[in-house]
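Structure record follows, encoded as structure tokens.
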Amino acid sequence: MKKMTYAEGIREAMRKKMQEDPSVLLFGEDVGKFGGCFGVSAGLWEEFGDDRVRDTPISEGAIVGAAVGSAACGLKPIAELMFVDFLTVGMDQLVNQAAKMRYMFGGKINLPMVLRVPSGGGVGAAAQHSQSLEAWVTHVPGLKVVYPSNAQDAYGLLMTAIDDQNPVVFVENKMLYSAKTDVDENELKPIPLGKARIAKDGTDVSIITYGRQVFDALTAAEALAKEGISAEVLDLRSLYPIDKEAIAQSVGKTHKVVLVSEECKRGAYTGDIAAQIAEEYFYDLDAPIKRVGALNTPVAFATDLESYILPNARDIELAVKSLFD
Amino acid sequence: MKITNEQLKDMYLTMLKIRKFEKNAMDKFAEGKIPGFVHLYIGEEACATGACAALRVDDYITSTHRGHGHIIAKGGDLNYMMAELFGKSDGYCKGKGGSMHIADADKGILGANGIVGAGHNIAIGSGLAIKYRKTDQVCVCFFGDASTNQSTFHEGLNLASVWKLPVVFVCENNGYGISVSQKRHQAITDISVRASAYNMPGITIDGNDLFAVHEAVGEAVERARKGQGPTLIECKTYRWRGHFEGDMTVYRPDGELEAWMKKDPIPRVEKYFIENNVMTQDEINKLNAEVDKMIEEANKFAVNSPAPSLESALEDVYSDIVEEGRVR
Ligand SMILES: Cc1ncc(C[n+]2csc(CCOP(=O)(O)OP(=O)(O)O)c2C)c(N)n1
Ligand SMILES: [Mg+2]
């Protein structure tokens, strides 16, 4: 099987769609010749030129707004923000414009735009460059939110997101960009949004997660296996639409749930998933729902503090074990 | 503006501190001792130095991601700065902020900033506080060329102008926002022309000329102190290093860096000193050695400072709440 990095998965999906469809274009800060701050768009400017791979000024309002306006006029823009943290600067265009237009206009407009947002901590970039803000966007009706964990999914989900007629926030984890994972070349194709993936089968507990924490969950599952606990790891892949069926099936099988994300725990999207499980599948559970997340602090700079604040495999393992005490 | 020889020597000392602090940060980053992102100020020393020399301790500045020079020029402590870069408990931010977030409230340093364009409006707030309290302080807002494409730049200049706030906007035009040259990010060459849109004085100067910076900012500061409102000063300069350490600068045309290195602000001052009997070459050498020592001290201080305790991560989120930790 071929190996591909997460960044390559994203890049190849963009390349494929740009080759296929002249209405697809990419813009953002330093995405051109520089190849993007994390090298994700390397080579695309050389292939598609200034018109279709555009460096923008540092103007996040204009970046998101240009995606909204050009999508409203029939293009399929992919806009990149250098860090998800800068979404704050373009938030009006996303929340009040992109998310609301179709509804306000009585369904009479399509917004086939993708907003790519590198997210998460782990690189010592401190409080303004390390956040996980997916709860902000999953909260807003009208936005779809996708968060792949590996190259194959990144490729397939981005292919779908680009063609989707709705604004899609495509969250990327910057620690994963260089992570190589197996890719089945015959399966390099669009993946429907709203379909979770079982990353590991198990029978005793469901670890439901996405993004970088899928790998932490797999590490925890290995440790737990040694202690006789069989953990299932469910990679949501798409946060909205969310695969409720996959969640129901897993919970129905294991009767125990641990939800994991890198967001600070207060107000995290995992809280909403926990509430849905409690409301709808309460009688399938035989233990409280547990959540693992970052501490309720900004992300600190010093390496030790950052690792303490962000969740890791050990935290997942401990949360699972607490259900079996 | 009249400058005494003592003031001149002070400014020269500041430039040396910045240059040597940055060179050291460059080395320590390469050695893997500094995590995260480091944006160096080498080549731009005259801007921060000339501007801050026109300020008092009780004046304010806002800074940027490329903030070490501003902080040193406004009187920041080299030991605390270096310890912060190393992520140590004795650092300015107790290791929580790092290179991009150093602040010193006692010296009016309202923080380096990781968000491009955030300072423009923080400076407005600072100007408002000054005006409200009817003191004669000022706030100098430092920012890069590429940040002038954020809406905050326009919001900030407009409000400063219409409220006549004591804010001096000092743009460090180094020709790039990361890889994107000024030509490609805005359709003007002199950013100072934007002042006219807000009916405030605007001027473009050689940012590698310490005296020119000091004079222009000094005049703007005097106007601001007298209640005559804001000024936009554009300093043309150049950063010698990549945008951040590790940037290979593939976007630079051949020869550009070399041409700018010839305009190094530091030898220009040295030459003036010798020609005008401000300092002898011997005295210059001695001062250089002294600053080398300061940097060595700062390194020692940083290395010897303990790592922050894990519990410290839970403090300072609020003034009155300590957050919950975790057991691993
Ligand atoms: C809101 C926001 N957008 C983008 C960035 C990423 N970024 C950091 S510095 C920088 C370039 C800034 O250029 P300029 O303002 O000219 O300052 P210089 O780096 O040249 O000193 C960019 C794009 C950021 N930190 N914040
Ligand atoms: Mg610049």
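Observations on the structure shown:
- Portion, in percent, of the accessible area of region B:5-314 that falls on carbon or sulfur, probe 1.4 Å: 53 percent
- Residue-normalised accessible area of region B:5-314, given per residue in Å² at a 1.4 Å probe: 39 Å²
- Note on A:LEU310: accessible area approximately 10 square angstrom, rounded to 10, probe 1.4 Å, nucleic acids and ligands left out.
- One Cα centroid belongs to region A:153-193, the other to region B:262-312; the line between them spans 50 Å.
- Each Lys or Arg adds one and each Asp or Glu takes one away; over the other residues whose Cβ falls under 11 Å from the Cβ of B:GLY117, this sums to -2.
- Centroid-to-centroid separation of region B:30-80 and region A:228-266 [C-alpha atoms, Å]: 47 Å
- Ordering B:THR249, A:TYR283, A:LEU259 by Cα displacement along the dipole of the protein assembly as shown toward the positive end leaves B:THR249 in first place; charges were set at the Cβ atoms of Lys, Arg (+1) and Asp, Glu (-1).
- Using a probe of 1.4 Å on the protein chains alone, the accessible area found for B:ILE233 is around 0 Å².
- nm² value of the averaged projected area, convex hull over the Cα atoms of chain B: 18.1 nm²
- Across every direction, the projection of the convex hull enclosing the Cα atoms of region A:2-111 has a mean area of 7.5 nm².
- Protein-only accessible surface at a 1.4 angstrom probe places the residues A:PHE105, A:PHE282, B:PHE143 in the order A:PHE282, A:PHE105, B:PHE143, largest first.
- Cut-off 10 Å between beta-carbons: net charge of the residues surrounding A:PHE34, Lys and Arg +1, Asp and Glu -1: -3
- The listed residues B:PHE29, B:PHE244, once ranked by accessible area (1.4 Å probe) with the largest placed first, stand as B:PHE29, B:PHE244.
- Report note on the peptides B:320-327, A:144-151: ranked by the mean count of other C-beta atoms within 10 Å, highest first, their order is A:144-151, B:320-327.
- Across region B:93-191 the C-alpha pair distances fall into 5 Å bins from zero in the proportions 2, 13, 21, 22, 18, 14, 7, 3, 0 percent.
- About its Cα centre, region B:5-314 has a charge dipole of approximately 720 debye under the convention of +1 per Lys or Arg Cβ and -1 per Asp or Glu Cβ, with nothing else charged.
- Most positive-pole-ward Cα, A:VAL89, A:GLY107, A:VAL183, against dipole of region A:2-187 from beta carbon charges: A:GLY107
- Accessible surface area normalised per residue over region A:197-322 is 38 Å², counting heavy atoms of protein chains with a 1.4 Å rolling probe.
- Averaged per residue, region A:2-187 has 33 square angstrom of accessible surface, using a 1.4 angstrom probe with ligands and nucleic acids left out.
- With a cut-off of 14 Å between beta carbons, the residues surrounding B:THR135 carry a summed charge of +3, where Lys and Arg count +1 and Asp and Glu -1.
- Counting only heavy atoms of the protein chains and using a 1.4 Å probe, B:ARG133 has close to 150 Å² of accessible surface.
- Size of charge dipole - the protein assembly as shown - debye, nearest 20, with Cβ of Lys, Arg +1 and Asp, Glu -1, no other charges: 940 debye
- When the P(r) of region A:2-187 is calculated, the portion above 19 Å amounts to 55% of the C-alpha pairs.
- Within the accessible area of region A:169-302 (1.4 Å probe), percent carbon and sulfur: 50 percent
- P(r) tail for chain A: Cα pairs beyond 30 Å make up 32% of the total.
- In chain A, Cα pairs under 8 Å separated by at least six residues give a relative contact order of 17 percent.
- Net charge dipole size for region B:66-134 [Lys, Arg +1 and Asp, Glu -1 on Cβ; Debye, nearest 20]: 300 debye
- Helix axis angle, A:6-20 relative to chain A longest principal axis, alpha carbon, degrees: 40 degrees
- Within chain A, helix-based [θ] at 222 nm, where runs of 4 or more DSSP H residues each add -39,500 (n - 2.57), nearest 500: -11000 deg cm²/dmol
- Taking the chain by itself as reference, region A:114-156 contains these residues with an accessible-area loss of 50 Å² or more in the full protein complex (1.4 Å probe, heavy atoms): A:GLN128.
- Three-way shape call for region B:201-315 based on the alpha-carbon gyration tensor, with the a/c threshold at 1.5: rounded
- Accessible area in the full protein assembly, largest first, 1.4 Å probe, for A:ASP284, B:ASP316: B:ASP316, A:ASP284
- Buried area at the A-B interface (accessible, heavy atoms, 1.4 Å probe, summed, Å²): 3400 Å²
The values are calculated or read from the model by the stated rules, or taken from the named source; none is laboratory data. Given the structure is predicted, the values throughout are model-derived calculations rather than measurements. Neighbour counts are summed over all protein chains in view; Cβ atoms, including those assigned to glycine, are modelled from backbone coordinates with ideal geometry. Side chains included, ligands, DNA and RNA excluded: accessible areas come from the protein's heavy atoms. Shrake-Rupley method; radii C 1.70, N 1.55, O 1.52, S 1.80 Å.
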